[in-house]
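Have a look at the structure below, then the notes.
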Amino acid sequence: MHRVLIVGSGGIGRRHLKGYGLTGRAELSIVEPDAGRRAEAISMFDVEHAFTDIAEADLESFNLAVICAPANFHVPLMLRCAEAGLPFMVEKPLAVTMDGVDAALALVAEKEIEARVGYVRRVAEEVIALRQQILAGKIGSVRLAYLNSSQEFPKYRPDFQRTYYARPEMGGGAILDAASHLFDMLIWLMGKPSDVGCMFDRLVLEGTETEDTCLVTIRFQSGAMANVTINQFQKRNVAQFEFIGTAGNLMIDHSTLKFANDDSGVWKESRDYMDGLVPTEAHQARFKLQANAMLDAIEGKPCWLATLDEARDNLRVALAAKQSWIEKRIVSL
Ligand SMILES: NC(=O)c1ccc[n+]([C@@H]2O[C@H](COP(=O)([O-])OP(=O)(O)OC[C@H]3O[C@@H](n4cnc5c(N)ncnc54)[C@H](O)[C@@H]3O)[C@@H](O)[C@H]2O)c1
């Protein structure tokens, strides 16, 4: 059994508590400063210790920390873990500015501890299949991608005005909170980004100081390009990620992976990886898959969860996107 410390037991912390619990490989403890949330987590999960602050925990007695506090706390929490030599998985995004990021990453490298970032789509079956098919050359060389993730965010997160989402300095908004997942998919599949252009705004949602819409264009070192479109108010729930290669197209439409390589207008292959599953349960199941992947990593087994360096590139794309629109120019990374 691994002793796992979940740092922050809010929305995502609870998903991890459930996910790690279901692995059967973890004994769980939490850090949660909010007394009400701490009590709720204790009542919902089998929790060994509940601390109010990470400073109270004997970090050397744990095998893994899962950092689930809002993103503005990630750098100091990563530093705490690194100082104690404690492997960790930190939730996305890595941070909200570059302040302290390089020092934290350098300490992790110096201490040679396993550390990954919670871009959960990397364990989704349809994304893994997409990656395998791209790597196998099914669509030739990937030169372009169009990604659109747009839905009525308040329906899915009714408390959005009271969470970090409403505050740019805590990592909220369409770019750092939502587009960051898509940037990770692009970095995983298309490599290192080199240039970023963007427009963003708060077009509809009330009661936040963050953008609900972004149109981000990214160029990669390979010369390939991608467009990421997000709005967080439309009624129709769209999640379409199309990868365009020299020999065909692959598209994820929610959980369905499709392939075409002619102009018939008909997809030649189409498979729904969630067929027969309840979407909310399938989403929660990913947190068990991710927990097993992270526990494998600390046992020295292969793991393809996002690295800190990939998440650093991702954060630079997000920050460059904001800078691009504020300064009205394309930003080179
Ligand atoms: N992977 C995903 O799909 C996904 C989904 C939602 C959120 N997230 C990420 O998870 C993080 C948290 O999001 P959330 O939705 O759970 O937020 P939340 O506000 O619901 O919960 C955050 C919790 O952290 C606690 N906290 C604050 N400071 C802390 C500290 N110093 N130490 C320990 N706990 C502290 C808060 O009291 C709160 O209970 C963010 O980085 C967010 O981007 C990821």
Is one or more of the residues making up the stretch 11-19 surrounded by fewer than 22 Cβ atoms within 10 Å (Cβ to Cβ), over 21 Å from the mean Cα position of the chain (by Cα) and farther than 16 Å from ALA55 by Cα?
-> no
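Looking at ASP184, ASP212 in this structure, which one is in contact with a Leu (Cβ under 6 Å, 6 or more places away or on another chain) and either away from the ligand (no atom under 16 Å from the Cβ) or in the same structural domain as TRP267 (by TED's automatic domain parsing) (or both)?
ASP212
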Only one of ARG131, ARG116 is basic (Lys, Arg) and more than 13 Å from the ligand (Cβ to nearest atom), namely ARG131
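Looking only at residues in the stretch 56-70 that are out of contact with any strand residue (DSSP E or B) (no Cβ under 9 Å at 6 or more places or on another chain) and touching a residue at least 12 places away in the same chain (Cβ under 8 Å), which one is surrounded by the most Cβ atoms within 10 Å (Cβ to Cβ)? Talk me through it step by step, then tell me what you get.
The initial filter retains those residues of the stretch 56-70 that are out of contact with any strand residue (DSSP E or B) (no Cβ under 9 Å at 6 or more places or on another chain), namely 58, 60, 70.
Keeping just the survivors that are touching a residue at least 12 places away in the same chain (Cβ under 8 Å) gives 60, 70.
Values: GLU60: 8, PRO70: 19.
Once the filter is applied, the top-ranked residue is PRO70.
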LEU79 vs (1) within 21 Å of the chain's Cα centre (by Cα); (2) surrounded by 16 or more Cβ atoms within 10 Å (Cβ to Cβ); (3) not in a loop (DSSP other than H, G, I, E, B): all pass except (2)
- prompt: Got at least one residue in the stretch 191-203 being under 19 Å from the mean Cα position of the chain (by Cα), outside the structural domain of THR97 (by TED's automatic domain parsing), among the aliphatic types (A, V, I, L, M) and surrounded by fewer than 21 Cβ atoms within 10 Å (Cβ to Cβ)?
  reply: no
ALA174 passes all but one of the listed conditions (1) touching a Ser or Thr at 6+ places or on another chain (Cβ under 7 Å); (2) away from the ligand (no atom under 16 Å from the Cβ); (3) of a type in the set (A, V, I, L, M); the exception is number (2)
Query raised in the report: Any residue in the stretch 8-26 that is of a type in the set (Val, Ile, Thr), more than 26 Å from TYR165 (Cβ to Cβ) and more than 10 Å from the ligand (Cβ to nearest atom)?
Result: yes
All conditions in (1) within 23 Å of ALA136 (Cα to Cα); (2) in contact with a helix residue (DSSP H, G or I) (Cβ under 8 Å, 6 or more places away or on another chain) are true of GLU209 except (1)
Counting only residues that are assigned to a loop (DSSP other than H, G, I, E, B) and touching a helix residue (DSSP H, G or I) at 6+ places or on another chain (Cβ under 7 Å), the stretch 57-76 contains a total of 4
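Just the residues that are in a helix (DSSP H, G or I) and among the hydrophobic types (A, V, I, L, M, F, W, C), please, taken from the stretch 12-44.
Filtering the stretch 12-44 for residues in a helix (DSSP H, G or I) gives 12-23, 35-44.
Within the stretch 12-44, ILE12, LEU17, LEU22, ALA35, ALA39, ALA41, ILE42, MET44 meet the criteria.
The values are calculated or read from the model by the stated rules, or taken from the named source; none is laboratory data. As the structure is a computational prediction, the values presented were derived from the model and not from experiment. Reconstructed Cβ throughout: ideal geometry from the backbone, glycine too, with neighbour counts over all protein chains shown.
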